[in-house]
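Before any comments, here is the structure.
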Amino acid sequence: MPFRCFSRKCSEHRNDLGKCLESRLLDTINEMKLFRLGSFGLFVLAVMSAGAATAQSSDAPGLANATVLVIRHGEKPDSGTGLAPAGEARAKAYVKYFQTLKIGSATFKPDWMFASMDTKKSFRERLTLDPLGKAARVPVDCLFKNNQYQELANAMKYKPFGKNIIICWHHGNIPKLVQALGADSSKLIPGGKWPDEVFDWVLELRYDSKGHIIPSQTKRVKEDIKLNQ
């Protein structure tokens, strides 16, 4: 008797045992993968799917009416993973600076903060935001690695993290990060490269109600901070 499969999933190859078994096996494997990924994995898959959907829509609901401030980590020592005394002083100064900063007529109050993930070579991005995070009672999110700026941008575009967001990143990838967030890095950063010796720039990215960058309100500012070392 010829093989017949009456599963709806196998409607295209009901009389082919090999193709049927292959299809059912792939379905089982995919279901097992999703089970192992858990809720975080499902979120990552959702972000990837959302990224693929950008061809259909350029709206970024997660960034609707948001202000994103991008900074570099504080000054670094000649060796080690931490901050130099000047970097530690800058991190402490950020507590007052960012909690009293005026964006337009409103005082900037951080809702979410991102720092690139710690590595064997550097904890500096997280350490730069730690004092501010403790003072503002906003945890520092270190989920994304330094080279995962596109994944971070995708997550921010499709999942709301609040209206006021601070990102502290390695300066070498900041131009790519702000580009992924919709800004023109060549206009924000002279020559498209963050200078090695500069630690006091803030890139201010502003978004409209659909999460589109507002070029006229997106700018680079110099911090008005006096470091007490």
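The values are calculated or read from the model by the stated rules, or taken from the named source; none is laboratory data. None of the values given here were measured: they were computed from a predicted structure. Cβ coordinates were reconstructed from backbone atoms using ideal geometry, including for glycine residues, and neighbour counts include every protein chain displayed.
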Give me the residue from segment 126-174 that is aliphatic (A, V, I, L, M) and assigned to a loop (DSSP other than H, G, I, E, B) and, out of that set, surrounded by the fewest Cβ atoms within 10 Å (Cβ to Cβ).
Leu143
Search result, residues across segment 64-113 that are part of a loop (DSSP other than H, G, I, E, B) and either closer than 30 Å to Lys210 by Cβ or touching a strand residue (DSSP E or B) at 6+ places or on another chain (Cβ under 7 Å) (or both)
Ala64, Asn65, Ala66, His73, Leu101, Gly104, Ser105, Phe108, Lys109, Pro110, Asp111
Ile165: of a type in the set (A, V, I, L, M, F, W, C), at pLDDT 95 or above and either over 15 Å from the mean Cα position of the chain (by Cα) or within 24 Å of Glu88 (Cα to Cα) (or both), yes or no?
yes
Residues that are touching a Ser or Thr at 6+ places or on another chain (Cβ under 7 Å), farther than 21 Å from Trp194 by Cβ and in the same structural domain as Tyr97 (by TED's automatic domain parsing): does segment 138-159 have at least one?
no
Every residue from segment 71-115 that is under 17 Å from Gly162 (Cα atoms) and either of a type in the set (Val, Ile, Thr) or not assigned by TED's automatic domain parsing to the domain that holds Val178 (or both):
Ile103, Thr107
Check Phe199 against each of (1) at pLDDT 95 or above; (2) within 11 Å of the chain's Cα centre (by Cα) and name the one condition it does not meet.
(2)
Name the residues in segment 186-226 that are surrounded by fewer than 19 Cβ atoms within 10 Å (Cβ to Cβ) and touching a helix residue (DSSP H, G or I) at 6+ places or on another chain (Cβ under 6 Å), would you?
Ser186, Gly192, Arg220, Ile225
